[in-house]
Structures are given as C-alpha cells and as structure tokens.
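Down below is the structure, laid out as structure tokens.
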Amino acid sequence: MDKLRVLVVDDEFGIRSGIKRILDKFEVDYPFMDDPIGFEVSEADTGEKAIEMLEAEKFDIVLLDNKLPGIQGVEVLEFINSKKIDSKVVMITSYASLELAVRVTKEGAIDFVPKPFTPQELRSSLENITKQIFLRHMTTKLQKEGKQIRFQFLSMLSHELKAPVNAVEGYLNIIKEHNCGDNIAEYMPMIDRSLERLNAMRSIIMDMLDLTKIESRQAKNNVQPVDFCQVAKICMSTLQPMAIQKDVKIYLNCSGPVVMDFDPDDLEIILNNIFSNAVKYNKDGGRVDCNFTDNESNVEILVADTGIGISEEDQQKLFKEFVRIKTDETRKIPGSGLGLSIVKRILENYDSEISMESELNKGTTIKIKINK
Amino acid sequence: MSKLNKTILLAEDDFDYLFLVKFRLEAAGFDVITANSQKEAELLVNTSDFDAAVFDLMMENDDSGFVLAYMSKKIKPEVPVVITTAVAAETGMSFDNDNSWVKADLYLEKGVQAERLAEELMRLLGII
Ligand SMILES: Nc1ncnc2c1ncn2[C@@H]1O[C@H](COP(=O)(O)OP(=O)(O)O)[C@@H](O)[C@H]1O
C-alpha cells in the first residue's frame, strides 16, 4: 500500500488545485509502517461527475464539498452509503454550514474540514483517516483465511486467562528447579503471588458465568416488582467479610422500600459489582454510601466511595471488557475487568443511564438511573 | 553463569511476568533494565543504553510493542528487538512468517519458556 487514491469534489478550481498541491507533497508516516503513504489526487467539479467516477474506479478517500452546482455533497454521500462504496468521506464546508457538517458526519462522513482551511487542517484530517485505513488494511491482512475478529472477546479472554497461567507456571518452575536455593522462605513471595493470580483467575471465571447467564437467557425474562433496598441488603451482607477485612464501613440509606419492575437476578449482579468495586478500590478505614431514591419517573442509585479514585482519562475506558487500571495500588486487588462491562450490558436492556464521577485519591461515585 | 556484559531493555506490564523474565535473563547472565508500561519504555528507549530489547505487544495500547519497536529501530537500527505476545495463537495472527510490515527481529509467544528467550537473545546478539 504505497499511495491512497483521493477524489476531490469541488466546483472551485482554486480549491481543487490547492488541495492537489498540498497532498502531492504530503506523506503519512505511522510507526511500524515500512514506507510512508502518499496520495494520488483526482478531481471532479460536480457531484454528478463524482458519482460517475466513483462507479468506475475505487477511491480510498473522498474530499467532498457540500455546496455544488448540481446535486449537493450530501447526495453524493448518500450515494456512497447506499452503494456501500468503500471510501472514507471528508466533507469540506464553510463555517456557515457547520451544523450541516456535523449532521453529515453523523450520517457517515468520517470527518469534516471547515472552509477556508489551512494546509495543516487538511493534512491532519488526512493523517487520521490514513491511519484508520492502514490499520484496517493490516487487520484484514492478519485475519488469515476468514478468521474473524468476532473472536475479539474470546481472544481477549484467552489472553486474560493465559497471563495468570504463564505467571503461575513461571513461579512453579523456579520453585521446582530450586533456582533460589534451598530456603523455602525465599519462595514465599512467589507462592503468594501465584495464589493472588489464581484468585484473579477465579474471578474471571465467575464473571464469565455471569456473562453466560446473561447471554443464554432472554433479556429481562423475570421482570417483577422488586424492592431495591431489600436486594441491596442481601448484596451487602455477602460483602461484609471483605469490608471488615478492609475496615470499610458500608452505609445503606433507604427510607422505606424502593420498588419498581426489574429482574431481581439482574439487580443482584449489578449491585454486587458496583458495591464490591466500592469496597475493593477503597482505602483502609474508608466508607461506602449507598442511596436509593424513588422518584416519580425513575429510581436513582448512588454508590459513593472514599477510595483510590479513577483519573479522568481512565474513566472513559472502564466499561469496556477486561479493562483494569494498572497502578501500584490496584496490582494486588484481584479482579477480572469484566464487572463494569457486565453492568453496562445488563443496563442496556433497561431504559437506564449509568455515569461516574471520580477524583484520584478522593473517591468515586457511580450513579445509575433507571426509568420506570 | 558468567556475566555477558549485555543489557536488555524489557517492557512488560504484567508485574509477575516481568519479574519472571527478568529473573531468567539475569540467570542467563544478562543485565536487565525494566519498564512496566509503554510510556516508561518510551522514555528508556530514548535515554538509556541497551543491546537488545524485549517488548510486550499489548500494554496500554494493543499495539504498544509495535510502536516501541518502531521507535527503537529508528534510534538504534542495529539493536535487535523481540516482541512478545500472548495473543498470537488465538487470533490467528501468525507473526513468525510475515513480519515484513513491522520491523522487529523476532516474535515470541509468551508462555514459551523464558529460557528460550534468553537463548534467542544470545543468538540475535551473536553470542552463540
Ligand atoms: N469504585 C472504584 N474506585 C476505583 N476504581 C474503580 C472502581 N470501580 C472500578 N474501578 C476500576 O475499574 C476497573 C474495572 O472494573 P470492573 O470492570 O468492575 O473490573 P474488576 O474490578 O474486576 O477489575 C477496575 O480494575 C478498577 O481499576
């Protein structure tokens, strides 16, 4: 892959030749690419011409002005979408129609460059797209004979299960070969680490069971009036041993029952995950406050802890599968990285929202709102 | 084991695996400097002296190892780079026979005994 083919659709000659001049000299270099990628520019002065060209040839990228003399840019975009043409579309629009630009971006254009643009704005948009195209190209190349990335979850899972196996096996080999001499005390930290890794592995397996449960049954198949406070109490008592060990106090604020239609199994999985995170990632001597509010149109659950907190950057990632924050503080806390993704998955079956507020070293508040 | 006088830069975000590989490499006679994130490793790639590098593929990012390999090769093209990964088998990504697009010298699957890594490094460094 040495050059990407770019089609510039604009009725102004000056713009077309300007873009051509900029891109002729531009190359994108991405780590782990052998050679930089350059661009080969073709031009169309109307939407009709563009459609003709798109039907005849393959273009990797289309730079599309919205305001054209005949059919509009949006229509060209619609054509590309309806024919499932494999081109990335960048809209070029004047500031006045920014709103439109945002709209078409939602409809499938992957970027837009406001007009007038600087060469740098054009280059950085193209750079991003080029990286996307390149990475996708590489992924396809790597999927040998139809092996699909449907696997992603399974391969993540085996990665996560393999890591502790590798670690424990490594330690056992050292112990077996007496690599640290004959004093058993030398090996104690390795044995402890092995046990911790096995524990973490167990929690992955337990969470996998939850996931299978969720997947194998129909969503919300057991919806019935549930008292959230009642379920919360049960979850809390299961957590007490861990809370006592960490000297974390849990306070449940329920003024009377909070009842709404929900699947009690779902609720238990949700609360168990949120509560146990609030305890696990707390500080010794910390506290967890749970509030259930019965509003007219929804039930609100607030779980606030005084724990280690999560940086803003990391907060974005947490609801994805197998994401765990790796710091010195979290290293010794067993977990699967599945809990929050399970919670999110269940909540998607309900009309609900989950959000988080957190400050490093201060604590985290998880807020769940479920509409009745 | 006699001292080889060769320093390996080892980047790995699994705390235990880092310890284990370091342990094996040191037992084989290497000096080892370690980083437990891509970020840390980037700093070391730029600021420290090493004779070979071993990068875990997936750290903060799915392509951490690739990025590090690229950076290292750019600064020190002659220094051999090994990328270790636990995913190869499951994803069908077969790195061994098609490494033309990433400039690393060797891809090793994790869990392959750490001893083998020491051996491969010696081979890459022309010690054996
Ligand atoms: N209350 C919390 N305080 C601080 N960090 C948290 C909290 N809840 C979750 N996290 C972070 O989010 C990550 C993902 O959480 P989760 O999906 O429940 O998986 P697990 O706890 O099993 O690792 C955790 O590894 C932890 O780093």
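Within the option set A:GLY285, A:GLY256, being more than 16 Å from the ligand (Cβ to nearest atom) and on the phi > 0 side of the Ramachandran plot holds for one residue only, A:GLY256.
Say whether the condition of being touching a Ser or Thr at 6+ places or on another chain (Cβ under 6 Å) and hydrophobic (A, V, I, L, M, F, W, C) is met by at least one residue in the range A:194-205. Let's see the steps before the verdict.
Quick first cut of the range A:194-205, residues touching a Ser or Thr at 6+ places or on another chain (Cβ under 6 Å) only: A:203-204.
Still in the list and also hydrophobic (A, V, I, L, M, F, W, C): A:204.
Yes: the range A:194-205 contains one or more residues that are touching a Ser or Thr at 6+ places or on another chain (Cβ under 6 Å) and hydrophobic (A, V, I, L, M, F, W, C).
All conditions but one from (1) assigned to a helix (DSSP H, G or I); (2) without any contact (Cβ under 8 Å) to a residue 60 or more places away in the chain apply to B:ASN5; the one that does not is (1). With respect to the conditions (1) surrounded by fewer than 16 Cβ atoms within 10 Å (Cβ to Cβ); (2) within 28 Å of A:ASN222 (Cβ to Cβ), A:ASP328 lacks only one, and its number is (2). Here A:PHE322 meets the list (1) of a type outside the set (Val, Ile, Thr); (2) in contact with an Asp or Glu (Cβ under 6 Å, 6 or more places away or on another chain); (3) at pLDDT 90 or above almost entirely, failing just condition (3).
Evaluate the following for A:ILE368: is it touching a strand residue (DSSP E or B) at 6+ places or on another chain (Cβ under 8 Å), closer than 17 Å to A:ASP289 by Cβ, more than 9 Å from the ligand (Cβ to nearest atom) and among the β-branched types (Val, Ile, Thr)?
Working: touching a strand residue (DSSP E or B) at 6+ places or on another chain (Cβ under 8 Å): yes; closer than 17 Å to A:ASP289 by Cβ: yes; more than 9 Å from the ligand (Cβ to nearest atom): yes; among the β-branched types (Val, Ile, Thr): yes.
When the stated conditions are applied, A:ILE368 passes them.
Please enumerate the residues belonging to the range A:81-98 that are over 13 Å from A:LEU63 (Cβ atoms) and modelled with pLDDT of 70 or more.
Kept after step one, since they are over 13 Å from A:LEU63 (Cβ atoms), are these residues of the range A:81-98: A:81-86, A:94-98.
Across the range A:81-98, the qualifying residues are A:ASN81, A:SER82, A:LYS83, A:LYS84, A:ILE85, A:ASP86, A:SER94.
Of everything listed in (1) within 14 Å of chain B (Cβ to nearest Cβ); (2) on the phi > 0 side of the Ramachandran plot; (3) more than 8 Å from the ligand (Cβ to nearest atom), the single unmet condition for A:LYS320 is (2).
Only residues that are within 11 Å of the ligand (Cβ to nearest atom), farther than 24 Å from A:ILE370 by Cβ and either touching a residue at least 24 places away in the same chain (Cβ under 8 Å) or away from every other protein chain (no Cβ under 14 Å) (or both) were counted across the range A:330-358, and they come to 6.
Taken over the range A:297-314, the residue count meeting the criterion of being more than 12 Å from the ligand (Cβ to nearest atom), free of Cβ contacts under 8 Å to residues at least 60 places away in the same chain and away from chain B (no Cβ under 14 Å) is 1. For the range B:73-113, which positions are part of a loop (DSSP other than H, G, I, E, B) and at pLDDT 70 or above? B:LYS76, B:PRO77, B:GLU78, B:VAL79, B:PRO80, B:ALA86, B:ALA104, B:ASP105, B:GLY111 - these are the residues of the range B:73-113 that are part of a loop (DSSP other than H, G, I, E, B) and at pLDDT 70 or above.
Regarding the range B:12-20, can at least one residue be identified that is touching a residue at least 40 places away in the same chain (Cβ under 8 Å), within 14 Å of another protein chain (Cβ to nearest Cβ) and surrounded by fewer than 20 Cβ atoms within 10 Å (Cβ to Cβ)? Yes: the range B:12-20 contains one or more residues that are touching a residue at least 40 places away in the same chain (Cβ under 8 Å), within 14 Å of another protein chain (Cβ to nearest Cβ) and surrounded by fewer than 20 Cβ atoms within 10 Å (Cβ to Cβ).
The values are calculated or read from the model by the stated rules, or taken from the named source; none is laboratory data. Quick caveat, the model's predicted, so the values are computed rather than measured. Counting neighbours? That spans all protein chains shown, and the Cβs are built from the backbone with ideal geometry, glycine included.
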